[in-house]
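Okay, so here's the structure we're looking at.
The values are calculated or read from the model by the stated rules, or taken from the named source; none is laboratory data. Computed from a prediction, not measured in an experiment: that's the story for all the values here. Note: ideal-geometry Cβ built from the backbone for every residue, glycine included; neighbour counts use all protein chains shown. Heads up: the accessible areas ignore ligands, DNA and RNA and are worked out on the full protein's heavy atoms, side chains in. Shrake-Rupley method; radii C 1.70, N 1.55, O 1.52, S 1.80 Å.
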Amino acid sequence: MFTTAIAENPNHPAALPNDLFAAIEVLKKDLNAIVLAHYYQDSDIQDIADYIGDSLGLAQKAAATNADVIVFAGVHFMAETAKILNPNKLVLLPDLEAGCSLADSCPPLEFAAFKAANPDCIVISYINCTAEIKAMSDIICTSSNAVKIVQQIPEDRPIIFAPDKNLGRYVMEQTGRNLLLWQGSCIVHETFSEKKIVQLKIEHPEAEFIAHPECEPQVLKHASYIGSTTALLKYTQNNESKKYIVATEPGIIHQMKKATPAKEYIPAPAMNNCACNECPHMRLNTLEKLYLAMKNKTPEIILPPEIQAAALKPIQKMLELSA
Ligand code: 13P
Ligand code: SF4
């Protein structure tokens, strides 16, 4: 019975190779594939990746790769960005259900109405949005270049900033610009408890509290450093502190520990006693699904050609402005 089930279903767990790491390395060569991973992925996925980065780094890597196949270990909007930059390449996402609460908080029809009601505005959208929203935007930004990009817009030009209200508010503070904010947010970065963070800071007075700009203002106000995932990682490498309280998805701590093993990292706690600081969308990808995606060359990202073409322009604009 059991062997029949395996024979009939090559994706059956018992049919997986014993050494998934080695099997994935073989598939990378066979397919001429590159594995791109975000820091919020499970540690084993980060360890098999050819490149690990924040959203900007991943987009830049996707734009530059010579690989025939891009295996994207991240969420749907990131893989979509890679596909938009590489319309003729096969872009695989290990689990197509790996979405994003922030991208979901900006439905295209409602956003189109918001944009139509503010026709003088230039539209700057955070990369954490769907391809449809990108197609309606003038420039894309990420958490690492949002301030720099807004600073390059003429002072007299009104700006719509979507979809993250928390990043938008942070950019307003940093630039002194008034932005018309879409009221979206990320469930993970809104889960951190200000009260518990303040308690942790009292318990660990030697620790530095560092945070991602998707966090809420009452959390950000306690941070000694705010930055994208790559910026947070670099900060812990270059800063003298030996201990950090980290307010972003705790997957990043894997790279922090690898880079500076002697330092201590405390994940910022969620309001409830849950693991809600882990992104449920990112964590849908597993090493097994990544292997199967490569072996079966599916699930693949496919976008309507007109959306793909319209979304390319604001992404290219971002890459130009970030160079
Ligand atoms: P960065 O990759 O720009 O740090 O953003 C984090 C994030 O929320 C990705 O979903
Ligand atoms: Fe989206 Fe938040 Fe998950 Fe990032 S951490 S993918 S913004 S839900």
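Only Lys, Arg, Asp and Glu carry charge here, each on its Cβ (+1 for the first two, -1 for the last two); on that basis the chain has a dipole of about 500 debye about its Cα centre.
Taking the charge dipole of region 1-159 about its Cα centre, with +1 at Lys and Arg Cβ atoms and -1 at Asp and Glu Cβ atoms, the residue from Leu56, Ala15, Met78 reaching farthest to the positive side is Leu56. Rolling a 1.4 Å probe over the protein heavy atoms gives the chain an accessible area of 44 Å² per residue. Projecting each Cα onto the charge dipole of the chain (Lys/Arg +1, Asp/Glu -1 at the beta carbon, about the Cα centre), which of Gly99, Thr191, Met294 comes out farthest on the positive side? Farthest along the dipole direction, towards plus: Thr191. Put simply, the amide H of Glu208, placed in the peptide plane, has neighbours under 5 Å in Lys243, Tyr244, Ile245, leaving out anything fewer than 5 places away on its chain.
Please enumerate, by chain and number, the aspartates and glutamates with C-alpha under 19 Å from the C-alpha of Lys221, excluding those fewer than 8 residues away in the same chain. Reachable aspartates and glutamates: Asp164, Glu173, Glu190, Glu194, Glu203, Glu206, Glu208, Glu249. When the alpha carbon coordinates of the chain are projected onto the principal axes, the ranges are 65, 53, 34 Å, largest first. Cα gyration tensor of region 192-319, axes a ≥ b ≥ c as square roots of the eigenvalues: rounded (a/c below 1.5), prolate (a/b > b/c) or oblate? Verdict is prolate for region 192-319.
Taking each DSSP H run with n ≥ 4 as -39500 (n - 2.57) and averaging over every residue of the chain yields -12000 deg cm²/dmol at 222 nm.
The accessible surface of the chain, taken with every protein chain in place and a 1.4 Å probe, is 53 percent carbon and sulfur.
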